[in-house]
């Protein structure tokens with residue numbers, strides 16, 4: 001069903017409900033007949049009395065926005081970003097400095113740590 005068909009069905013229900021109330025039906029009976037809450041029928045009647053038949057028009061309710069699967073890829077490309085995961089190692093990594101640290105500072109840190117108790 002498209003939105004126009006749904007909207008037309010809603011409007012016809014609103015108009016039928018108001019017609020039944022104006023013809024002498026109780027709001028509760030109209031609500032049972034149409035499968036809605038009695039307060040809803042009361043709102044339709046109140047709107048009709050205040051603004052006429054135009055007040056019974058169905059109001060559009062936008063649904064959830066759906067994204068195309070390529071949306072994020074395009075969005076990232078426009079901003080010159082890549083969806084890839086970053087490299088595990090930094091480009092600035094200096095292997096000589098790492099080796100010096102492992103040979104010099106790391107053993108000192110191991111000596112300073114307190115013994116663990118079981």
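Just so you know, all these numbers are worked out from the coordinates, no wet-lab data involved. The structure displayed is predicted, hence computed values, not measured ones. Every residue, glycine among them, receives a Cβ derived from its backbone with ideal geometry; neighbour counts consider all protein chains shown.
For this structure, a couple of remarks:
- The stretch 3-56, relative contact order [Cα under 8 Å, separation at least 6], %: 32
- Rough spin-label spacing in nm, given labels placed 7 Å along Cα→Cβ, for residue 36 and residue 75: 3.7
- Its DSSP H runs of at least 4 residues, each contributing -39,500 (n - 2.57), put the calculated 222 nm mean residue ellipticity of the chain at -18500 deg cm²/dmol, to the nearest 500.
- Full-extension gain in nm, residue 7 to residue 67, via 0.36 nm per residue minus C-alpha separation: 19.2 nm
- Segment residue 100..residue 54, full-extension length gain: 8.4 nm, with 0.36 nm per residue of separation and the alpha-carbon distance subtracted.
- Cα centroid separation - the stretch 1-26 against the stretch 68-103, whole Å: 59
- Listed values (i) 11, 27, 18, 13, 9, 8, 7, 5, 3, 1, 0; (ii) 12, 43, 28, 13, 3, 0; (iii) 10, 20, 13, 8, 10, 10, 7, 12, 9, 1 include one computed from this model; for P(r) over Cα pairs in 10 Å bins from 0, in percent that value carries the label (iii).
- Size-normalised alpha-carbon gyration radius of the stretch 3-56, reference 2.2 N^0.38 Å: 1.05
- Sorting 54-60, 64-70, 11-17 by their mean Cβ neighbour count within 10 Å, with the most densely packed peptide first, gives 11-17, 54-60, 64-70.
- Summary of packing: across the peptides 74-82, 26-34, the per-residue average of other C-beta atoms within 10 Å ranks them, highest first, as 26-34, 74-82.
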